[in-house]
Amino acid sequence: MSAATVTTEVAALRIVGVSKDFPTPDNVNTRTLALDNVSFAVRAGELVSLVGPSGCGKSTLLRLLAGLDDPNTGERWIGAEPITGPSAERGLVFQDPNLFPWLTVRRNIQSGLVARGRLREKRHEVDEFMRLVGLETFANAYPHHLSGGMAQRVALARALINHPKVLLLDEPLGALDAFTRMRMQDEVLRLWQTRRTTVLLVTHDIDETIYMSDRIIIMTPRPGRIERTIPITLDRPRQRNRPEFLRLRSEILELLHFAGDPKSTV
Ligand SMILES: Nc1ncnc2c1ncn2[C@@H]1O[C@H](COP(=O)(O)OP(=O)(O)OP(=O)(O)O)[C@@H](O)[C@H]1O
Ligand SMILES: [Mg+2]
C-alpha cells in the first residue's frame, strides 16, 4: 500500500490546503492571514502534537477541525466524510475546562448527552466515565470544589462520553502546575490507550510532546504553515530521564532555536 493510500484510507483526520484569514484588529479594511495552505493527516488511533509559536494558528486549526468555524479555502475530512459543522464525534477540550459552574460533576459530564437527548439510553456510562477519570466520589461536587487538575479531568470525561472518534486538545494541561501536569499526561495517555481515540494535541511543552506523541507537527510563525513533522519512535511507556529522551529534547529545542546560546551571559 502506498503512503498516499494509507493517508486517504485510514486517516481519521485530514486537512488539505487549508487557509484562513481574519479582519485585522486595528484596520477593518485589511485581513490578516492566520493559516496558509496547511495540509496534514492524522491516522486513526494516532496521537499527534501540534507545536508552534503563539499566534501561529493552532487554536484556529482546532476550531476548523471541530467545525466551529470555516476555512477560506481547503478541505477538512474525518474519515471519508467532509467536516461541515460541529459534531459529537469530534470532542474539543480547551485550556480552560469551561465547566458549567451551576452543575455538579455528574451533570457537567452528562450535559452533552442531555443536549442530544441520549441520557436515558447512556445513563449507565456516566458512572463508568467518572470512574475512568477517577472522580466517582466527586459526582455531586460543584466545579468550585475541584482542583484545576480535577476540573480538567471533568472536561475530558465530558468530551469522552460522546465516544469521539477524534479528540482535539487545545493546551488542556497548560494551566496546571508541573506535577499535576505530569500526572494528567499519564491520565490522557491511559484514556487514549483504553479508548483508542485519535488525538490531536496542541501544546507549548516540548517534554509533553516527546512524552506523549507518535508524531510532532511543527508550525511556522504566523501565517501558520507546517514547518516539519518529527516522528517519535521511543518505546512506551516513556521515561523522561532516559538518554534517548533527552537527546531528542535537545535536538528539537535546537531545531526551534531555543537551545540557548552557550556564549550568552543572560
Ligand atoms: N476570531 C478572530 N478574529 C480575529 N482574529 C483572530 C480570531 N481568531 C484568531 N485570530 C488571529 O489569528 C491568529 C492565530 O490565532 P490562534 O488563536 O489560532 O493562535 P494560536 O497558535 O492558538 O496562539 P496561542 O499559542 O497563543 O494560543 C492570531 O493572529 C489571532 O489574532
Ligand atoms: Mg491557542
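The values are calculated or read from the model by the stated rules, or taken from the named source; none is laboratory data. Remember, predicted model here, so these are calculated numbers, not experimental data. Using ideal geometry, Cβ is built from the backbone for each residue, glycine included, and neighbour counts are taken over all protein chains shown. What goes into the accessible areas is simple: the full protein's heavy atoms, side chains included, and nothing from ligands, DNA or RNA. Shrake-Rupley method; radii C 1.70, N 1.55, O 1.52, S 1.80 Å.
If the condition is being without any contact (Cβ under 8 Å) to a residue 12 or more places away in the chain and in contact with a helix residue (DSSP H, G or I) (Cβ under 9 Å, 6 or more places away or on another chain), then the stretch 68-111 contributes 70, 80, 107. Selection of the stretch 22-45 for residues being in contact with a Ser or Thr (Cβ under 9 Å, 6 or more places away or on another chain) and without any contact (Cβ under 8 Å) to a residue 60 or more places away in the chain yields 22, 23, 24, 25, 30, 31, 41. Listed by position, the strands (runs of 3 or more DSSP E) inside the stretch 27-109 whose residues that are over 15 Å from the mean Cα position of the chain (by Cα), under 20 Å from residue 218 (Cα atoms) and not hydrophobic (A, V, I, L, M, F, W, C) number at least 2 are 27-43, 73-78.
Determine, yes or no, whether residue 96 is modelled with pLDDT under 95, within 16 Å of ligand 2 (Cβ to nearest atom) and out of contact with any Asp or Glu (no Cβ under 6 Å at 6 or more places or on another chain). Criteria met by residue 96. Checked against the criterion of being modelled with pLDDT of 90 or more and buried (at least 18 other Cβ atoms within 10 Å of the Cβ), the stretch 175-187 contains one or more residues that satisfy it. All conditions in (1) part of a strand (DSSP E or B); (2) modelled with pLDDT under 95 hold for residue 7, with the sole exception of (1). Take residue 204 and tell me if it is touching a Gly at 6+ places or on another chain (Cβ under 8 Å), in contact (Cβ under 8 Å) with a residue 40 or more places away in the chain and open to solvent by 70 Å² or more (accessible area, probe 1.4 Å). Yes.
Evaluation of residue 52 against the conditions (1) within 30 Å of residue 257 (Cβ to Cβ); (2) at pLDDT 95 or above; (3) not charged (D, E, K, R) shows that the sole unmet condition is (2).
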